[in-house]
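Nothing in this text is a laboratory measurement; each read-out follows from the coordinates by a stated rule. Predicted, not measured: the structure shown is a model, and the values here were computed from it. Don't worry about glycine lacking a Cβ; one is built from the backbone with ideal geometry, like all the others, and counts go over all protein chains shown.
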Amino acid sequence: MYPQYPGGAPMRQPTPPVPKSIRLAVNLMYAGAILTGLGVAIIVILAVAAGSTAVGLGTRGHVTVATVAVVLLVSGLIEIGLWLWMAWAVKRGMAWARVVSTILFGINVLLTLTGVARGGSGAISGFVVLVIGLVAIIQLWKQESTAFFAASRTY
């Protein structure tokens, strides 16, 4: 099909078929978002159910449980948003998304290990989410995924 007039909008190239590795990575990212949401909900509920009016912060004073719950909730929503954003971008073949996903996975590893070292709660759910993230990252860097990103040419 030709444009109606010279200089018209260029024709879009068809999107290449999404390979199995990309579909698996995207589904794992959705699972990561869901598990992150469940983990945050459980931690917030446990913090509120503890019934304590203050959480000690060493020599810095005290913070209310409500403040801690809000911070956990907001940070969890940000993490869920990042999972969903990366799934959306990867599914559309945006090559930058696998690099950003890999960097975000590395940051998540560091934060999870730091939380575990400090005796933080949620270690089991944190490790489950890390395993999901690791498998998703491996899928993103497979040869068929690389071919998909190259064919999509969406940078």
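For a distance above 21 Å, tell me the whole-number percent of Cα pairs in region 20-152 that qualify.
45
For Thr67, Thr112, Thr36, which order do you get if you count the other beta carbons within 10 Å of each Cβ and list the fewest first?
Ascending number of Cβ neighbours within 10 Å: Thr67, Thr112, Thr36.
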